[in-house]
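Encoded as structure tokens, the structure appears first; notes follow it.
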Amino acid sequence: MDSINYSNCTIHFNNACYDAINKYIEVMNFSKIFILVDENTHAHCLPYFLEKLNTSIVIEIIEIESGEINKTIDTCVGVWNTLSDLDADRKSLLINIGGGVITDLGGFVACTFKRGIKYINIPTSLLSMVDASVGGKTGVDLGHLKNQIGVISNPDLVLIDTNFLDTLPRNQMRSGLAEMLKHGLITGEEYWSKFTDLSKLTLDDLDDLIYESVMIKKNVVEQDPNENGLRKTLNFGHTLGHAIESYFLSNPEKTTLLHGEAIVVGMILACYISTKLLGFPEEKTQLIKNIFVDYYGKTTISQNEYATIIDLLKYDKKNNHGNINFVLLQDIGVTKIDCIVDEDVIIDAFKYYDN
């Protein structure tokens, strides 16, 4: 488990990471290196990384505030201005060290600064390791609407060092695990079955599972980099999940949900809808619901909130021609994209989740 190649990007794991980045920097002859962090990765991850870096090139640190609420154009403007103030040029390198907010926003900043500079993603959360940092999607939110602004462009390197997970809170680990559960549901029983008893999973299992999850996403992205067909399957649970996440983010009376916490709810709803529309086995929907609720608990969504969440679906990026398109399951590992779902079925799905 050393490296994976796809498109113009190479993903390196653990011990292979630092040989790879030092050789890369030596060959590329960058003018300056900029490292984007938040206050958490600045304190807990940056010192470890700098010890591994072997270069005489000038390094500048740029810190932004953590959290989805800061994944905005305004934050990008601040980073762009800082890069300009520190004399960044087109031969500069941006290294993004952090979770999905850092890798999404940092990638977007790099792709747009002076029409594009090189960048590297170093994901430090489980979610960013298996999802956000891989696949070339970069961007920011528009208000509370998820990922409305962005481009698809791969970093040159992704460095996945699972030692960073030692600093991660339990709720952040659970959030990342949700994307791995999704990979199981859209890929097949063999990978999904490894998650059917989450209580038995240990940190020792994680390296292999992360590698498998990255391979699943890499194989999908390679076949459909611009999300015209197959790549849409990676959005299973995300249509309603993103709407729920946006609603909780925008409502001051709600506790903000982590991405994975919202996607888990979205996957349960999508499984119910799959049962009603595509004949996905009812017993599998119930098993998935039981596994997810046992591990994540239940998110409280009242009936008078359904309409507001459903209204947010119109902003989903998969929509076209005014239609809201869902990814659904015919069976585990058998997906159907671009499914149109009536509002009453969505409401029944919410009621099923709540029961």
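The values are calculated or read from the model by the stated rules, or taken from the named source; none is laboratory data. Computed from a predicted model, the values in this text were never measured in an experiment. So basically every Cβ, Gly included, is an ideal-geometry build from the backbone, and we count neighbours across all protein chains shown. For accessibility, only protein heavy atoms count, side chains too; no ligands or nucleic acids. Shrake-Rupley method; radii C 1.70, N 1.55, O 1.52, S 1.80 Å.
Observations
- So E190, is it open to solvent by 20 Å² or more (accessible area, probe 1.4 Å), among the acidic types (D, E) and in a helix (DSSP H, G or I): yes
- Residue in the stretch 143-153 that is open to solvent by less than 30 Å² (accessible area, probe 1.4 Å), part of a helix (DSSP H, G or I) and either in contact (Cβ under 8 Å) with a residue 12 or more places away in the chain or aliphatic (A, V, I, L, M) (or both) present: no
- Only one entry of I244, I332, I268 meets the criterion of being open to solvent by 10 Å² or more (accessible area, probe 1.4 Å), closer than 28 Å to Q172 by Cβ and at pLDDT 95 or above, and that entry is I332.
- In summary, Y306 fulfils each of the numbered conditions (1) over 24 Å from G100 (Cα atoms); (2) open to solvent by 20 Å² or more (accessible area, probe 1.4 Å) with the single exception of condition (2).
- One residue stands out among those in the stretch 168-185 that are under 23 Å from S246 (Cβ atoms) and over 16 Å from the mean Cα position of the chain (by Cα): the one that is most open to solvent (accessible area, probe 1.4 Å), which is P169.
- Considering the stretch 131-156, the residues that are in contact with a Lys or Arg (Cβ under 7 Å, 6 or more places away or on another chain) and among the aliphatic types (A, V, I, L, M) include one that is nearest to L313 (Cα to Cα), namely V140.
- Only a single criterion out of (1) of a type in the set (G, A, S); (2) out of contact with any Ser or Thr (no Cβ under 6 Å at 6 or more places or on another chain); (3) buried (at least 24 other Cβ atoms within 10 Å of the Cβ) is not satisfied by G116, namely (3).
- Those residues of the stretch 201-219 which are without any contact (Cβ under 8 Å) to a residue 40 or more places away in the chain and aliphatic (A, V, I, L, M), in sequence order: L201, L203, L209, I216
- Per-region count, the stretch 114-142, residues within 11 Å of the chain's Cα centre (by Cα) and assigned to a helix (DSSP H, G or I): 7
- Among residues of the stretch 259-278 that are without any contact (Cβ under 8 Å) to a residue 24 or more places away in the chain and in a helix (DSSP H, G or I), those with a beta-carbon under 8 Å from a residue that is open to solvent by less than 10 Å² (accessible area, probe 1.4 Å) and not aromatic (F, W, Y) at least six positions away or on a different chain give the pairs T275/T285.
- Here L240, L313 are screened, and the one residue that is touching a residue at least 60 places away in the same chain (Cβ under 8 Å), touching a Ser or Thr at 6+ places or on another chain (Cβ under 9 Å) and assigned to a helix (DSSP H, G or I) is L313.
- The set of residues from the stretch 26-38 being surrounded by 12 or more Cβ atoms within 10 Å (Cβ to Cβ) and either touching a strand residue (DSSP E or B) at 6+ places or on another chain (Cβ under 8 Å) or hydrophobic (A, V, I, L, M, F, W, C) (or both) comprises M28, F30, K32, I33, F34, I35, L36, V37, D38.
- Among the numbered conditions (1) of a type in the set (A, V, I, L, M); (2) under 23 Å from I4 (Cβ atoms); (3) within 13 Å of the chain's Cα centre (by Cα), the only one that L165 does not meet is (3).
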